[in-house]
Amino acid sequence: MESTAAYLAAARGETPSHTPVWFMRQAGRSLPEYKEARAGTTMLEACRNPEMTCEITMQPVRRYDVDAAVFFSDIVVPLAAIGVGIEIKPGTGPVLDEPFRTEKDLDRLRNLDPCDVPYITEAVGLATAELGPKPLIGFAGAPFTLASYLIEGGPSRDYVNTKTLMRNDPDLWDRLLSKLAAICGEFLRVQTEAGASAVQLFDSWAGSLSEADYRRYALPYATQALMTVPESTPRTYFGVGTSHLLEAMTDTGASVIGVDWRTPLDEAAGRTKGRVLQGNLDPTAVFAEPEAMLAEADKVLAAGRAAPGHIFNLGHGVHPTTNPDQLKRLVDHVHETTAR
C-alpha cells in the first residue's frame with residue numbers, strides 16, 4: 001500500500017499498511033536546507049513565493065520519507081492577504097500594526113477571495129505535482145486563535161483583551177468570529193481545490209478557555225471553518241493544552257482529533273466519540289538518546305491502538321533546534337515496527 005493510502009486510510013478509520021507519520025512544523029524549522037532557502041527573506045515573503053513554498057514543503061518529505069507533506073505557510077497569511085497590517089517578527093510571532101478592539105475595526109476585515117492568494121494556488125499545484133502519490137495537508141489557523149492575535153496585537157500569555165471583549169460585547173465577538181471563520185474556511189477551500197488531499201485547523205490557543213467558554217465562543221466558528229471543506233476530505237483539528245476540551249472538540253465535525261502530549265492516546269480514544277487520533281510524542285523526547293526516544297515512541301504507538309485509527313505525530317510542532325537525524329530515526333522506526 002502506497003503512502004497516500006496509508007495516511008488517507010488512517011485518517012478515514014480504515015486499515016493502512018503501516019501507521020503513517022508526519023510532523024507538525026516539519027516544513028522547515030530545524031532543517032539546514034530550510035535556513036538556506038529562507039536566507040534574506042521574511043516569513044510572509046517566503047509564503048508568497050510559490051517556488052520557495054514548494055521547495056520548503058518538500059524538504060522534510062525528501063529527508064524523512066514522511067507519509068504526508070504539510071503545506072508551508074502561516075496562519076496569518078490570509079489576514080495579510082486581505083490587507084490587515086501584520087508582520088511576523090522572528091522570535092516573537094505575528095504582530096499587528098493596530099489591534100482589533102472596537103466596532104469600527106470590523107470594517108478592516110473583508111472576505112478572502114481566491115484572487116487574493118494566487119501564490120497559494122500555484123504553490124499547492126507545484127507541491128502536489130512533485131509529491132506524486134504522497135498527499136499534501138493544507139492548513140489554516142482557527143478563528144479563536146486568529147482573533148486572539150488580532151485583539152491582543154500579538155502573542156499573549158493570558159489573553160486579557162480577548163476574553164474581555166468576548167464577555168463585554170458578545171455580539172461584536174460573534175460578528176468578528178463569523179468573519180474569521182469565513183476567511184479560514186475559504187483559505188482551506190482554496191488549498192483543497194488546488195490539490196490538497198486533507199486539511200488541519202490549528203486552534204493553538206483554544207486551551208486557554210474553559211469548556212463552557214470554548215463551546216460558546218470558539219467551537220461554533222471552528223465548526224463553520226471546517227464545514228467549508230467537503231466531508232470526503234479528512235479534516236484534522238488540533239489545539240495545545242486542550243485535554244479538558246477533547247469531548248467538545250469532536251463536535252466540530254473533524255474526522256481526526258490532534259492530541260497534545262499531555263493526554264495518553266488510549267485515554268483520549270475513550271473521550272473522542274470514535275474519532276481517529278493524531279499524535280502525540282512529547283516534542284522534547286527527540287532530544288533524548290535514540291534508544292530512549294524510540295521507547296517513548298513505542299508507548300505512543302501502543303496507546304494509539306485504542307483508537308479507530310492513529311496517525312503518529314508529535315504532540316506539538318518540531319522544535320527549531322531538533323536534530324534532523326532523530327526525526328529520520330523516528331520515521332523509520334514507526335514504519336518498520338508497524339508494517340502489516
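Could you give every pair whose Cβ atoms fall below 6 Å, whose first residue belongs to region 322-340 and is basic (Lys, Arg), and whose second residue is not in a helix (DSSP H, G or I), counting only separations of at least 6 or pairs across chains?
ARG340/SER17
Taking region 265-292, which residues are under 15 Å from PHE23 (Cα atoms) and among the aliphatic types (A, V, I, L, M)?
Across region 265-292, the qualifying residues are LEU277, LEU281, ALA285, VAL286.
Per-residue answers, yes or no, for (1) without any contact (Cβ under 8 Å) to a residue 40 or more places away in the chain; (2) within 30 Å of PRO20 (Cα to Cα); (3) not charged (D, E, K, R):
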residue	(1), (2), (3)
ARG167	yes, no, no
ALA181	no, yes, yes
PHE187	no, yes, yes
VAL190	no, yes, yes
LEU201	no, yes, yes
ALA206	no, yes, yes
ALA212	yes, no, yes
VAL229	no, yes, yes
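Please count how many residues of region 188-207 are part of a helix (DSSP H, G or I) and over 30 Å from GLY125 (Cα atoms). I'd like the intermediate steps shown before the answer.
Keep residues of region 188-207 that are part of a helix (DSSP H, G or I), which gives 188-194, 206-207.
Next, from what is left, pick out any that are over 30 Å from GLY125 (Cα atoms): 206-207.
Going through region 188-207 one residue at a time, the tally reaches 2.
Answer yes if at least one residue in region 179-195 is among the charged types (D, E, K, R), under 23 Å from GLN26 (Cβ atoms) and under 20 Å from the mean Cα position of the chain (by Cα), and no otherwise. Break it down stepwise before answering.
Step one: list which residues in region 179-195 are among the charged types (D, E, K, R), which gives 179, 186, 189, 193.
Checking the rest, the ones that are also under 23 Å from GLN26 (Cβ atoms) come to none.
Among the residues of region 179-195, not one is among the charged types (D, E, K, R), under 23 Å from GLN26 (Cβ atoms) and under 20 Å from the mean Cα position of the chain (by Cα), which makes the answer no.
Restrict the check to region 159-179 and report whether at least one residue is β-branched (Val, Ile, Thr), part of a loop (DSSP other than H, G, I, E, B) and in contact with a helix residue (DSSP H, G or I) (Cβ under 8 Å, 6 or more places away or on another chain).
Within region 159-179, not a single residue is β-branched (Val, Ile, Thr), part of a loop (DSSP other than H, G, I, E, B) and in contact with a helix residue (DSSP H, G or I) (Cβ under 8 Å, 6 or more places away or on another chain).
Just to be sure I understand the filter: pairs with C-beta atoms under 7 Å, separated by 6 or more residues or on different chains, first member in region 147-162 and at pLDDT below 95, second member in a helix (DSSP H, G or I) and not aromatic (Phe, Trp, Tyr). Which pairs pass?
SER156/SER148
Can you pull out the residues in region 22-53 that are under 19 Å from the mean Cα position of the chain (by Cα), among the small types (Gly, Ala, Ser) and in a loop (DSSP other than H, G, I, E, B)?
ALA27, GLY28, SER30
If LEU188 satisfies all but one of (1) more than 26 Å from ARG12 (Cβ to Cβ); (2) at pLDDT 95 or above, what's the number of the condition it fails?
With respect to (1) more than 26 Å from ARG12 (Cβ to Cβ); (2) at pLDDT 95 or above, LEU188 is out only on (1).
Within region 208-224, how many residues are part of a helix (DSSP H, G or I), surrounded by fewer than 17 Cβ atoms within 10 Å (Cβ to Cβ) and of a type in the set (Gly, Ala, Ser)?
Of the residues in that region, 1 qualify.
If I go through region 224-264 residue by residue, how many of them are of a type in the set (Ser, Thr, Tyr) and closer than 18 Å to ILE75 by Cβ?
Residues of region 224-264 that are of a type in the set (Ser, Thr, Tyr), as a first pass: 228, 232-233, 236-237, 242-243, 250, 252, 255, 263.
From what's left, closer than 18 Å to ILE75 by Cβ: 228, 236-237, 242, 252.
Number satisfying all stated conditions: 5.
Can you pull out every residue in region 251-293 that is acidic (Asp, Glu) and either free of Cβ contacts under 8 Å to residues at least 40 places away in the same chain or surrounded by 18 or more Cβ atoms within 10 Å (Cβ to Cβ) (or both)? Write out each step before concluding.
Our first condition is that a residue be acidic (Asp, Glu); within region 251-293, this holds for 251, 260, 266-267, 282, 289, 291.
Hits for region 251-293 are ASP251, ASP260, GLU267, ASP282, GLU289, GLU291.
The values are calculated or read from the model by the stated rules, or taken from the named source; none is laboratory data. The structure displayed is predicted, hence computed values, not measured ones. Note: ideal-geometry Cβ built from the backbone for every residue, glycine included; neighbour counts use all protein chains shown.
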